[in-house]
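No lab work stands behind these numbers, since they all come straight from the coordinates. Note that the structure is a prediction, hence the values are computed from the model and not measured. Please note: Cβ atoms are built from the backbone with ideal geometry, for glycine as well, and neighbour counts cover all protein chains shown.
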Amino acid sequence: MTRKPLFSVLMPTHSRVDVIGHSIASVLAQDEADFELLVVGDGAAAGTAELVAGFGDPRIRYLGLPKAPDFGYANRNAMLRQSRGRFIAFAADDDLWLPDHLAILAAALEGGAALAHTQALWVSTDGIAAPFPANLEIADQHRVFMESHNTIPASCFAYRADCLERRDAWPEDVAAAGDWRLWQRIIRENPDRPVVCCPVMTALHFSALWKRSRHSGMPQLAAWLGIADTVSWWPAELKAAIPDGSTEQEAYAARLCADPTGWSRSIRRAADDVADHLAWTHLQQGAVDPAALRADLAAALSARDAALTERDAALAEVQALRASTSWRLTAPLRALRRPR
């Protein structure tokens, strides 16, 4: 009988043949090596299957499927039906993991949590990295996560395969945010110990191409970039020059591969330094003005709501287009344009 791995790592891919190699390499370089990497091609771009096969690692399995609706949740479920791990982790095809990512999540899940998450450094399209220390064990953040919106990248999460009745649990009745809906379901159905936060930056999260946004449509990252663009003290570890014809993933992957342990330590220290510097600067400005704080909070919430409204409107337009007669009638033409 084939031994079951500790982790099944799900990596769906559609059009990122330019960067998925870096993402796969960061998974294969994990300190916790007991995993299977399940790459599912959701109508994947030409060359994807060959690139994945080129790694020659027996832990990788590739399943190429025709494009499923929207973000391809049905194809993710098809791959998960073949999974064997005790724990299931998600890896985006355009994100990077630091070497201890799976080991840290394993410790939390072994402790009995149904769902665990680490924290991420968000990276802008021009190579500026900034910390985002979300923590679902904090009551206010947990409430916002369950009632309003999600700000934690899917690449930060892992869960116990036995916390749900079925492995193929991605919701196929939603057009987007399926990861958020899955995490919410796990929390609701496992009330005894639903979620644990591992307060360590273990993932680099990059802006998806379809968002066409320097800051990934996230007001929080936009705020960090406003600071990074105007101060002299932003750490060099949190900045990477992106040459023409290259990607931000390539720039950061080169640093990670050169010294995985040392660079992980230095980038985490740099993220802590940024947070400390910001706190010190505010303290030096004198007593806190509650009215000013409320005004700042109101402005931040307004910016957040505007960004979420813009996102929802765009998703609604996509759904309306896909439901239209013209979309159905032009399906044969789109099929002809797909790479063979």
| query | Among 27, 19, 174, whose mean-square fluctuation peaks in a Gaussian network model of the chain (Cα, cutoff 10 Å)? | reply | 174
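Please state the relative contact order of region 7-206 as a whole percent: Cα pairs under 8 Å, 6+ residues apart?
27
Tell me what the chain gives for mean residue ellipticity at 222 nm when only DSSP H runs of n ≥ 4 count, each as -39,500 (n - 2.57), the sum divided by the residue total, rounded to 500 deg cm²/dmol.
On the way: 12 runs with 146 residues, N = 340.
Result for the chain, helices only: -13500 deg cm²/dmol.
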| request: Mind checking which aspartates and glutamates have their Cα closer than 17 Å to the Cα of residue 239? Skip sequence neighbours fewer than 8 apart in that chain. | output: 95, 126, 229, 248, 250, 259, 272, 273
| query | With springs only between Cα atoms under 10 Å, which of 13, 118, 247 fluctuates most in a Gaussian network model of the chain? | reply | 247
| query | Cα centroid distance between region 221-246 and region 63-134, in Å? | reply | 25
| request: Pop a pseudo-label 7 angstrom from the Cα along the beta-carbon direction at both residue 188 and residue 283 and give the gap in nm to one decimal. | output: 4.3
| With each pseudo-label sitting 7 Å past Cα toward Cβ, what's the residue 3-residue 172 distance in nm, one decimal? | 3.4
| said: What are the ³J(HN,Hα) couplings of region 231-241, residue after residue, when phi is run through the Karplus curve with 6.51, -1.76, 1.60 and θ = phi - 60°? Round to Hz, x for glycine and proline. | reply: 10, 9, 9, 4, x, 4, 5, 9, 9, 9, 6
| query | Using the Cα gyration tensor of the chain, with a ≥ b ≥ c the square roots of its eigenvalues, what is the shape: rounded (a/c below 1.5), prolate (a/b larger than b/c) or oblate (neither)? | reply | rounded
| remark: Placing +1 on each Lys and Arg Cβ and -1 on each Asp and Glu Cβ in the chain, then taking the dipole about the Cα centre, the residue among 33, 178, 99 whose Cα reaches farthest towards the positive end is 178
| query | For region 132-139, in order, what is each residue's ³J(HN,Hα) by Karplus, 6.51 cos²θ - 1.76 cosθ + 1.60 with θ = phi - 60°, in whole Hz (x at glycine and Pro)? | reply | 9, x, 5, 8, 6, 7, 8, 4
| query | Where does helix 290-323 land angle-wise versus the long Cα axis of the chain, in degrees 0 to 90, nearest 10? | reply | 20
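Taking square-rooted eigenvalues a ≥ b ≥ c of the alpha carbon gyration tensor, is region 7-206 rounded, prolate or oblate, where a/c under 1.5 means rounded and, failing that, a/b exceeding b/c means prolate?
It is rounded, given that a/c, with a ≥ b ≥ c, falls under 1.5.
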| remark: Under the 7 Å Cα-to-Cβ spin-label approximation, residue 33 and residue 107 lie apart by a distance in nanometres of 2.0
| note | Within the set 116, 68, 92, GNM on the chain using Cα springs under 10 Å gives the largest fluctuation to 68
| query | Pulled fully out, how much extra length does the chain show between residue 272 and residue 53, if you take 0.36 nm times their separation in residues and subtract their Cα-Cα distance? | reply | 75.0 nm
| query | In percent, how large is the relative contact order of the chain, given Cα pairs closer than 8 Å and 6 or more residues apart? | reply | 18
